[in-house]
Amino acid sequence: MCYRFLLTLAIFPLFLSLVEMAEAQDKPSLGIERAKRGRTLQFVITPSASASGCDYTLYNSRRRFRLSVAPSSGAEIATLRGSGIEDVRLKATKVPRLRRTRRLNKARIPVFVAAVEDCSGILKSSRVARTRVLTVNRPKRPKFKKWQTRLAQRVVAASAQVQSAFDFLSFNLPVVLKFAPDGTDLFYLAEQGGKIHVFENSSSVSETDVFLDLGERTAANGERGLLGMAFHPDYIENNYIFVHYSRKSDGATIVSRFEAISPFEVDSSSEQVILELEQPFSIHNGGEIVFGPDGYLYIALGDGGSPRDQLGHGQNRTTLYGSVLRIDVDQQSGGNEYAIPNDNPFVGNSDGFREEIYAYGFRNPFKFSFDSETGELWLGDVGQIRREEINLVVSGGNYGWNRMEGSLCFSPMEGCDKSGIILPEHEYARNLGAAVIGGYVYRGSAIPLLYGRYIFGDYTSGRIFTLLRKEQENQVGVLFDTDHFISSFGVDSEGEIYFLSRNAGKIYKLTPEL
C-alpha cells in the first residue's frame, strides 16, 4: 500500500503535465514581440488549431487598456478573426498610467487573450504573457492640474443655481424660447404642437397670449413638430418672423415667413413658404433657425433619419440633409424664395453640390447659437451610439457623420478616412447623456464666473455643462445635475441664460448663488 501511494505521488505530477500539454494545444498563445520606448507595445498572437471562426480580444484585467489592429486606429477594443491567421500584430494605443519616479517608469503588465465567442476547446481567458515596459519623454504636466481643474469647476458650480423663472406659467412640450428684439421686454415660447406663446418678462406673470397657432398645419409626433423660430434682424421695421415646422400632411420640413400684426399677434394668413424639403423618415429633422451676425438665415437640418444614416446623406453635398444652410431671405433668385450669398463655400462648384450648404457632416443638429461677442457658431449634434458632440462650425467644414461619430470611426468602425474632417470642440460618451442640447456662450453679468463659458445640456440625463476654451485643453465640467428633460436654452436681453424643461413644462433660469 505504501509503495502504491508513493508511486501515485510520483506519477500524478506527470499526469497533470500531460493534461496541461493537451489543453495547451487548444489555447491561443500570445507573445511579446518587443516593448518600445514611449507609450507603445507590440504583441504577436497565434490562434490555436481549433480557433477557426472565433473572435479574440486582448485586454488587461487589472487596468484595461485599448488595443487596435495595426495599422488602423480608433477602435476601443480590438478583435480578430481566428480563421487562417497565424501571425497578427496588435498595438496598444494606451498603456496604463505608471507610477512616476525620477528614473524611467517601469511596470510589469499582465496581458490576457480571450475567445469572446463560445468556441469548442478554447478557454475563455488564459494568462499568457508578462512584460516590462519602459516609458520615457512623457509630456510634462503642471502639478495638480486635474485637482485645479476640478476645484475651478466646483467654484463655478457654486456660483450659480437653478430657479423657476415664471412660477405661474406652464407649457405643453416647450421647444423654443426667444426674447423680443424690439425692446418690449417680452418672451416668446414655442410648443412642439404648433403654438407660440407671448408673455411679459415678469416673475409674477400668470397668463400668456397666443402669438401664432400652427397646430392645424403641424405634424407633432416624435421628433416632428414646430422646431424653430427666429425674428428678422429688421423685425422692428418689417415685423417678419420665421418658423421651422413639420407639415402635417406629409411631415416635410417647412421654413416659412409670417408677419406680425402687433407684439402679441401674427397674421396666420400671411405665410410665405421660404424652403420646403421632403423628409424620408420622421426623425433627424434638425430644427433650429437663427439669423447670424451677417444678417443671413442659418438652418440646421439632420440626415433625414433611419439609424446609421443608411441613405448616406451626411457626406452627400448634393442634398440639403445633414447640413447647416445659409440663405438670404431678403432676396430671391433661381426660382427660389431666397438667394444664396456669394461667399457661401460651394457657390459656383461644378460637382452638383447644393450651394445653400454652409457646413455638412451632421447627424441631428437640433440646437445651435452664435456667440454674441465673437460671432462664433456653436452647435450640438446628437450622436448615434457612442458620442455626443459640440462643434464650432466654420464655412465649408465637414464634421464627419456618418464616416465618423465624434472622434471615433463609424463607417467603417476601424480605419476610416479622417482626412478633411473637423473634430468636435468637445464630445462625451453615453455615460453622461444620450442627446446633447446646444446652448449659449454666457455673456451676462449676474454670474461673473460663467462669463465666456459655453453652457449646454443633455436631454436624457438632465445635466447642464460648462465649457471654457483653452489653448491646450478645454475645461469642461458638470454645472448642474437636474431631473429635467432639457429641450432648449434661451437668453434674454441682458445675456442671462434660461432653459426649458419638457417634463415639467416650465422655464428655469440660471441665477447667482445667494
Please go through the stretch 197-233 and pick out each residue that is in contact (Cβ under 8 Å) with a residue 24 or more places away in the chain, within 17 Å of S249 (Cα to Cα) and either under 32 Å from the mean Cα position of the chain (by Cα) or crowded, with 19+ Cβ neighbours inside 10 Å (or both).
-> L214, R217, T218, A219, A220, N221, G222, E223, R224, G225, L226, L227
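Take the residues in the stretch 357-405 that are among the basic types (K, R) and not in a strand (DSSP E or B); name whichever of them is surrounded by the most Cβ atoms within 10 Å (Cβ to Cβ). So that I can check it myself, show each step before the final result.
Here is the first cut: in the stretch 357-405, the ones among the basic types (K, R) are 363, 367, 386-387, 403.
Among the residues that remain, those that are also not in a strand (DSSP E or B) are: 363, 386-387, 403.
Values: R363: 26, R386: 15, R387: 21, R403: 20.
Step by step, filter the stretch 357-405, then rank; the result is R363.
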Right, Y321: farther than 20 Å from T374 by Cα, among the aromatic types (F, W, Y) and surrounded by 18 or more Cβ atoms within 10 Å (Cβ to Cβ) or not?
-> yes
Output the residues belonging to the stretch 315-344 that are in a loop (DSSP other than H, G, I, E, B), touching a strand residue (DSSP E or B) at 6+ places or on another chain (Cβ under 7 Å) and of a type outside the set (A, V, I, L, M, F, W, C).
-> R317, Y321, G322, Q331, Q332, S333, E337, Y338, P341, N344
So is S323 at pLDDT 95 or above, of a type in the set (S, T, Y) and touching an Asp or Glu at 6+ places or on another chain (Cβ under 9 Å) or not?
-> yes
Residue under evaluation I236, criteria (1) surrounded by fewer than 23 Cβ atoms within 10 Å (Cβ to Cβ); (2) of a type in the set (A, V, I, L, M, F, W, C); (3) under 29 Å from the mean Cα position of the chain (by Cα); (4) farther than 30 Å from P412 by Cβ, criterion not met = (3)
Of the numbered conditions (1) in a loop (DSSP other than H, G, I, E, B); (2) modelled with pLDDT under 95; (3) closer than 14 Å to N364 by Cα; (4) not hydroxyl-bearing (S, T, Y), R308 satisfies every one except a single condition; which is it?
-> (1)
Every residue from the stretch 183-196 that is touching a Lys or Arg at 6+ places or on another chain (Cβ under 9 Å), small (G, A, S) and either farther than 14 Å from E265 by Cα or surrounded by fewer than 18 Cβ atoms within 10 Å (Cβ to Cβ) (or both) = G194
State whether the residues of the stretch 326-340 include one that is under 18 Å from G222 (Cβ atoms), assigned by TED's automatic domain parsing to the domain that holds G228 and at pLDDT below 95.
-> no
Would you be able to say whether some residue in the stretch 480-492 is of a type in the set (D, E), in contact (Cβ under 8 Å) with a residue 24 or more places away in the chain and closer than 19 Å to V382 by Cα?
-> no
Can you pull out the strands (runs of 3 or more DSSP E) entirely within the stretch 262-301 that have at least 2 residues that are under 15 Å from E376 (Cα atoms), in contact with a Ser or Thr (Cβ under 8 Å, 6 or more places away or on another chain) and among the basic types (K, R)?
-> none
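The values are calculated or read from the model by the stated rules, or taken from the named source; none is laboratory data. Please read all numbers here as calculations on a predicted model, not as lab measurements. All Cβ positions, glycine included, derive from the backbone under ideal geometry; neighbour counts span all protein chains shown.
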